[in-house]
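The block underneath contains the structure these notes are about, expressed in structure tokens.
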Amino acid sequence: MSPTPEPVPTVEEPVYAAGPEGDIDRLADEKGWAVDEMYASASEFVQDICESLPVSAVDGASRPQWLAESGQLDGSGVDVLKAGIPKLCPKWTKTLKEAASGDYERWFGDGTYVVSSKPPSAEQLAEDEDTVTIPPGTYRAKGAMEDCYWERTSESGEIVDNSFATSARSITVTIRPSDGQFTSERCAVWKPVG
């Protein structure tokens, strides 16, 4: 009696949904793009970003700033989003391009910022991972603000200019290149003017 041959295992090809979601998932598999394990597929990741972008301009960040600085573009994220956003939510294509290029408007909420036209270096971040910079320029905070306090200080920490507004609707501040830090407490989001 001759031995029975072993069955050859069959490899099942993935089944992709019809439409843009399936196209995105197929492309991601072909290119080897991985997404965060919290998502079942590349198209699910893109859909989550599409739903998040309309409400993401909070906590002192513009939409491209949120997209770039929240880690969504890390690893294969940028490739998946470049392939998926034009198909699933094309109105956010410009936002993605700005975020991916790094050329976007930055907004600033409460906190203390080092005044610098350059982002913090790896060395500065190693010393203090919370180092956040603000470029010199003119900024405006708008909205109902109560007990808003801001100050500009020298590099040695001496107050150069400051103000406390018990009730304000709009405040404009010009941060000079010679300033060391800018601090804001209980103010609205500071956005560049002009």
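For this structure, a couple of remarks:
- A cut-off under 14 angstrom between Cβ atoms defines the neighbours of Asp179, and their net charge, with Lys, Arg +1 and Asp, Glu -1, is -2.
- Helix 20-31 axis, angle to the chain major axis (alpha carbon atoms, nearest 10°): 80 degrees
- Close amide H contacts of Ser163 (hydrogens built in the peptide plane, cut-off under 5 Å, sequence separation of 5 or more or a different chain): Trp150.
- GNM result for the chain, Cα springs below 10 Å: residue of Thr133, Thr166, Thr112 fluctuating most strongly: Thr166
- Carbon and sulfur %, accessible surface of the chain computed with the full protein complex present, 1.4 Å: 49 percent
- Where the chain is the region considered: accessible area per residue in Å², 1.4 Å probe: 62 Å²
- Principal-axis analysis of the Cα atoms of the chain puts helix 42-52 at an angle of about 30° to the longest axis.
- Links that overshoot a 29 Å alpha carbon limit, given the list Lys82/Lys118; Lys31/Lys118; Lys118/Lys142; Lys31/Lys191: Lys31/Lys118; Lys31/Lys191
The values are calculated or read from the model by the stated rules, or taken from the named source; none is laboratory data. Remember, predicted model here, so these are calculated numbers, not experimental data. Cβ: placed from backbone, ideal geometry, glycine included. Neighbour counts: every protein chain shown. The protein model used for the area step is the full one, side chains on, heavy atoms only, and it has no ligands, DNA or RNA in it. Shrake-Rupley method; radii C 1.70, N 1.55, O 1.52, S 1.80 Å.
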